[in-house]
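*Asks:* What follows is a structure written as structure tokens; I'll ask about it next.
The values are calculated or read from the model by the stated rules, or taken from the named source; none is laboratory data. Note that the structure is predicted; figures quoted are calculated from it, not measured. Glycine also receives a Cβ, built like all others from the backbone with ideal geometry; neighbour counts cover every protein chain displayed. Surface areas here come from the heavy atoms of the whole protein model, side chains and all, with no ligands, DNA or RNA. Shrake-Rupley method; radii C 1.70, N 1.55, O 1.52, S 1.80 Å.
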Amino acid sequence: MAQRTVVVASGVGLHARPAKLFTQAAAATGLGVTIAKGDGPPVDAASILRVMALGVKHGEEVTISAEGDGADEALDGLAELLATDLDAVKPA
Amino acid sequence: MTAVASQVLHGSGVGRGAVVGPVARAHPAPRVQQDQPGPEDREAAKRAVTEAFAAVAASLEQRAEQAGGTIGEVLGATALMAQDPELVDQTRTRIDAGAAAAVAVDRATAEFMDLFAAAGGYLAERVTDLRSVRDRVVARLEGLPEPGVPALARPSVVVAEDLSPADTAALELDKVLGIVIEQGGPTGHTAIIAGQLGIPCVVRVRGAAALQDGTEVAVDAAAGTVLVDPDETVRANVETRRVALATLAEASGPGQTADGHEVALLANIGTAEDAERLTDAAVQGVGLFRTEVLFLGRTTAPTEDEQAVVYTRVLRALAGRKVVIRTLDAGADKPLAFVTRQGEENPALGVRGFRLVRTAEDLLRTQLAAIGRAARETGEQPWVMAPMVATVEEAAQFAAIARESGVATVGVMVEVPSAALRARDVLAEVDFVSLGTNDLAQYAMATDRLLGELVDLLDPWQPAVLDLVALTAQAGAELGKPAGVCGESAADPVMALVLTGLGVTSLSMSPAAVPAARFALARHTRARCVEIAEAARDGRTAAEARAAALALVDPEVREVLAL
């Protein structure tokens, strides 16, 4: 199983717009990606409700995991997303 | 007795206005009958809920695009909740286990709502979004109209169980005569918006659910009542008050008692736009400029240049008038990306307000430098104060930093009881103090400002809170330094008289509340204000304190302001 541990860069944490963008991207991989905060249990990364309920704040570590073909590439993409301040990137 | 004809509903009023108009009900949330039997065809029920979730998500998505901006963002996230795979799966699982479709939706969303509510803070506020998803999906399943505020065909009194921020934003304000809410609280979102716009509003009205579309009601924000089918006397009374309030709003002189004792009437603002709206307004200046708006929702601190531009706009808009700028009041509950704090158990008691100087002194110094620049560029002399100061050392530290930055008049907020109890010592370090009565009540009464159900404990008439205000005003008088009030309690005309009697030197409030305070002050001498204050302080309870003060208020003032 592929895994990445990332520090969440968004100022508001993994809430609101960052949570929306992340879960949409996780769903788009079609890989059943999970996300866990610290040592906590993993939850479905495509579920905005589960992701928000983690209550991940700015600067906290999360671990994302996935299995199957293209898991590494998918996780690299998602890790990059988490390491970006999504609140600063405004929609065009 | 014909119950309907004489029915009066009670709640908490926002503002002083009154209005008569027909009820327009926001469509209520559908009630889910919990004991209904499960579906015979579970596959069909599962298809129906999946379709309902998808349709609600699509409709929210469409509204998000139309709304744009912050509301668009909120609606977009809500749309995503409506197609959350776990929520849909859990609903389907419950149907498989024998639950009716609506019950399955209700229970599955309730689980997440509980989770969010338990987490508190930002997540707890999102419970409203989840509830709106549930209501829309259930309404769709049961063939009911979409819950929320309808399009208004004529000017109406909007009646709802509760209004989400999105509902409030969608109101056609030119057709909203008044707002009646069954839940919510006087410091909630809807109440604040209504207060700013001067729309009569009554919240926490028990029995509002029974009001029917088209029924005429008299909404009295001053009394906190909703009268069903008002008779001609009531209608005439409402009209008289409307005219009287409109007349008061035209008066423009400085605040002073009947015998000429001056009490400055100032406005609370949050943005440069607010300041620009005051250019022609009959206020003597700004008693509280909350600078948080500049900082919130950003990922990096605003630069000195950016801040100086805003402060300059504010000072220009109010040229020649007093402006009190409050330095950044943010902290754990209003997190800033650039002042990283790990989760605090009690954000209201954490590193907020001036306490941020412990971890990010440069933030304060940059802000003060920007204020100094704006002062030089405009030739104005703003006063500057720090929030959440608890000790003499903190007051001295702020005064030193502010004076180093070139601020001529330095003050601190008194909103922590310790600062009120030792106001003399605190005031010795600075040039003025300003009482933040909302936070002072929160900290004196150990009551979260955001909890509607504890609103009685937050009453600024609580004797202990009045004592703290009195101590502070007395210290100001003894040292010959200004002690103002910039909490919303100044907006209550009776309280304005009490504060004046206690020796408070300025009253700062939302601009809409200034005319009533000006009128009340002009009808009482300073000596009478002192008597009113003494009567209030003799009360053992908040209700006694207000009743005792009110009994000494001029009858005409009571009538015009419906006190």
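*Asks:* Calculate log10 I(q)/I(0) of chain B for q = 0.08, 0.09, 0.12 Å⁻¹, where I(q) comes from the Debye formula with a single equal point scatterer on each Cα and nothing for solvent.
*Replies:* The Cα Debye sum returns log10 ratios of -0.60, -0.76, -1.24.
*Asks:* Let's see if you can work this out: charge +1 on each Lys and Arg Cβ, -1 on each Asp and Glu Cβ, no other charges. What is the dipole magnitude of chain B about its Cα centre, in debye to the nearest 20? Before the final figure, lay out each step's value.
*Replies:* On the way: 51 positive and 75 negative charges, 177 e Å.
Roughly 840 debye, rounded to the nearest 20.
*Asks:* While we're here: Roughly how many debye, to the nearest 20, is the charge dipole of the protein assembly as shown about its Cα centre, given +1 on each Lys and Arg Cβ, -1 on each Asp and Glu Cβ, and no other charges?
*Replies:* Values: 58 positive and 87 negative charges, 261 e Å.
The calculation lands at about 1260 debye.
*Asks:* Determine the percent antiparallel among the DSSP beta bridges restricted to the protein assembly as shown, to the nearest 5.
*Replies:* For the protein assembly as shown, the DSSP antiparallel bridge percentage is about 45.
*Asks:* If you don't mind, there's one more thing I want to ask. Let me spell out the model: positive unit charges on the Cβ of Lys and Arg, negative unit charges on the Cβ of Asp and Glu, origin at the Cα centre of segment A:2-82. What dipole size does that give, in debye rounded to 20?
*Replies:* Here segment A:2-82 has a charge dipole of around 480 debye.
*Asks:* Assuming a strict under-22 Å limit between Cα atoms, what lysine pair count do you get for the protein assembly as shown once near-sequence pairs (fewer than 8 apart, same chain) are dropped?
*Replies:* 10
*Asks:* Considering only B:A562, B:A264, A:A53, whose Cα is most displaced toward the positive end of the charge dipole of the protein assembly as shown, charges sitting on Cβ of Lys, Arg (+1) and Asp, Glu (-1)?
*Replies:* B:A264
*Asks:* Provide the percentage of antiparallel DSSP beta bridges, counting only those with both residues in segment B:251-561; round to the nearest 5.
*Replies:* Percentage antiparallel, nearest 5: 5.
*Asks:* Shifting gears a bit: Which order do B:D431, B:D84 take when ranked by solvent-accessible area (1.4 Å probe, heavy atoms of all protein chains), largest first?
*Replies:* Output order, biggest surface exposure first: B:D431, B:D84.
*Asks:* State, in angstrom, two size descriptors of segment B:251-561 derived from its alpha carbons: Rg to one decimal place and Dmax to the nearest whole number.
*Replies:* Spelled out, the Cα radius of gyration and Dmax of segment B:251-561 are 18.8, 55 Å.
*Asks:* Let me ask another. Determine the shielding of peptide A:57-63 by partner chains: average, over its residues, the number of Cβ atoms on other chains within 10 angstrom of each Cβ.
*Replies:* 3
*Asks:* Further, regarding this structure: Give me the orientation-averaged projected area of the Cα convex hull of segment B:350-404, in nm², one decimal.
*Replies:* With every direction weighted equally, the projected area is 3.8 nm².
*Asks:* Would you mind putting B:464-472, B:534-542, B:27-35, B:52-60 in packing order, based on average other-beta-carbon counts within 10 Å, highest first? Don't skip to the answer; put the middle values down first.
*Replies:* Values: B:464-472: 22.7, B:534-542: 16.9, B:27-35: 14.8, B:52-60: 19.4.
The densest-packed peptide leads the list: B:464-472, B:52-60, B:534-542, B:27-35.
*Asks:* Highest first, please rank the peptides B:222-231, B:284-293, B:437-446 by the mean number of other Cβ atoms sitting within 10 Å of their residues. Let's see the in-between values first.
*Replies:* Details: B:222-231: 19.1, B:284-293: 22.3, B:437-446: 20.6.
Ranking, from highest mean packing down: B:284-293, B:437-446, B:222-231.
*Asks:* Stretched out fully, how many nm does the piece from B:A477 to B:R365 gain, at 0.36 nm a residue minus the Cα gap? All intermediate terms of the calculation are to be shown ahead of the outcome.
*Replies:* Details: separation 112, 0.36 × 112 = 40.32 nm, distance 3.08 nm.
Once the chain is fully extended between B:A477 and B:R365, it gains 37.2 nm.
*Asks:* Remind me, relative contact order of segment A:2-82 in percent, using alpha carbon pairs under 8 angstrom and six or more residues apart?
*Replies:* This gives 45 percent for segment A:2-82.
*Asks:* Tell me, what is the percent relative contact order of segment B:456-526, built from C-alpha pairs under 8 Å that lie six or more residues apart? Numbers along the way, then the final one.
*Replies:* Numbers: 68 pairs, mean separation 20.8, N = 71.
Once divided by the residue count of segment B:456-526, the mean separation gives 29 percent.
*Asks:* Sticking with this structure for a sec: Quantify, in whole percent, the carbon and sulfur part of the accessible surface of the protein assembly as shown (1.4 Å probe; protein heavy atoms only).
*Replies:* Values: 14360 of 27850 Å².
Whole-percent figure for carbon plus sulfur exposure: 52.
*Asks:* Can you give the three extents of the C-alpha atoms in segment B:404-522 along their principal axes, from longest to shortest, in whole Å?
*Replies:* Extents along the principal axes, in whole Å: 44, 35, 27.
*Asks:* Can I ask one more? Per-residue counts of other Cβ atoms within 10 Å, averaged by peptide: what ranking do you get for B:447-459, B:379-391, highest first?
*Replies:* B:379-391, B:447-459
*Asks:* Further question: Given the C-alpha atoms of segment B:21-97, compute the convex hull and give its volume per residue in Å³.
*Replies:* 132
*Asks:* Antiparallel as a % of all DSSP beta bridges within chain B, to the nearest 5?
*Replies:* Of the beta bridges lying entirely in chain B, close to 35 percent run antiparallel.
*Asks:* Over the alpha-carbon set of segment B:70-134, divide Rg by the Kirkwood Rh and report the Rg/Rh ratio to two decimals.
*Replies:* Checking Rg against Rh, the ratio lands at 1.01.
*Asks:* Which stretch or stretches of segment B:532-563 have amide N atoms under 13 Å from the point lying 7 Å from B:A249's Cα along the Cα→Cβ direction?
*Replies:* Answer for this model: none.
*Asks:* Could you give the C-alpha radius of gyration of the protein assembly as shown expressed as a fraction of 2.2 N^0.38 Å, taking N as the number of residues it contains?
*Replies:* Dividing the Cα radius of gyration by 2.2 N^0.38 Å gives 1.04.
*Asks:* Per the Kirkwood definition applied to all pairs of different Cα atoms, how many angstroms is the hydrodynamic radius of segment B:1-137? Kindly include the intermediate steps, with their values, before the conclusion.
*Replies:* Details: mean 1/r = 0.0577 Å⁻¹.
After inverting the mean inverse Cα-Cα distance, the result is 17.3 Å.
*Asks:* Taking the full set of protein chains and a 1.4 angstrom probe, give the accessible area of B:S418 in square angstrom, rounded to the nearest 10.
*Replies:* 50
*Asks:* State, as an integer percentage, the relative contact order of segment B:320-432 based on alpha-carbon contacts under 8 Å between residues 6 or more apart.
*Replies:* 27
*Asks:* To continue, here is another question. Roughly how crowded by other chains is peptide B:80-88, in terms of the mean Cβ count from those chains within 10 Å of each of its Cβ atoms?
*Replies:* The per-residue average across the peptide is 6.
*Asks:* OK, next. Once phi is turned into ³J(HN,Hα) by the Karplus curve 6.51 cos²θ - 1.76 cosθ + 1.60 with θ = phi - 60°, what whole-Hz value does each residue of segment B:447-461 show in order, with x for glycine and proline?
*Replies:* With the stated coefficients, segment B:447-461 comes to 9, 4, 4, 8, 8, x, 6, 9, 4, 5, 6, 8, 4, x, 7 Hz.
*Asks:* Determine the shielding of peptide A:6-19 by partner chains: average, over its residues, the number of Cβ atoms on other chains within 10 angstrom of each Cβ.
*Replies:* So the per-residue partner count for this stretch is 3.
*Asks:* Work through the residues other than B:A527 whose Cβ is under 12 Å from its Cβ and net out their charges, Lys, Arg +1 and Asp, Glu -1.
*Replies:* -1
*Asks:* Okay, next question. Select from B:T78, B:V49, B:V351 the residue farthest towards the positive end of the dipole of chain B; place +1 on Cβ of Lys and Arg, -1 on Cβ of Asp and Glu, and compute about the Cα centre.
*Replies:* Most positive-ward Cα: B:V351.
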